[in-house]
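The values are calculated or read from the model by the stated rules, or taken from the named source; none is laboratory data. Note that this is a predicted model, so its numbers are computed, not measured. Cβ placement follows ideal geometry from the backbone for every residue including glycine, while neighbour counts extend to all protein chains displayed.
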């Protein structure tokens with residue numbers, strides 16, 4: 001029995017496919033400056049919503065509105081710092 005590859009969550013795809021040094025710096029700066037409210041970033045295949053009120057980050061698939069990943073803001077910041085440039 002062959003198990004089909006499960007689609008990866010949008011967060012994983014964003015970190016491995018779209019994230020680069022410029023995007024990383026842009027998001028880290030925004031996280032550092034974010035006190036209240038929300039910031040929304042649109043990239044090629046993914047959108048990133050930083051939400052200070054909920055203390056979360058949501059990565060949305062630009063091409064499939066039903067696909068999204070939400071993580072804690074601090075966890076996302078750590079992931080940005082840990083992932084090497086694409």
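Observations on the structure shown:
- Top-ranked residue of the stretch 44-72 - restricted to ones that are touching a helix residue (DSSP H, G or I) at 6+ places or on another chain (Cβ under 8 Å) and outside any strand (DSSP E or B), ranked as surrounded by the fewest Cβ atoms within 10 Å (Cβ to Cβ): 44
- Members of the stretch 77-86 found to be closer than 14 Å to residue 18 by Cβ and part of a helix (DSSP H, G or I), listed by number: 79, 80
- Test: residue in the stretch 27-43 that is part of a helix (DSSP H, G or I), surrounded by 10 or more Cβ atoms within 10 Å (Cβ to Cβ) and touching a residue at least 60 places away in the same chain (Cβ under 8 Å): no
- Looking only at the stretch 73-86, and only at residues there that are exposed (fewer than 12 other Cβ atoms within 10 Å of the Cβ) and touching a helix residue (DSSP H, G or I) at 6+ places or on another chain (Cβ under 8 Å), the one that is modelled with the highest pLDDT: 81
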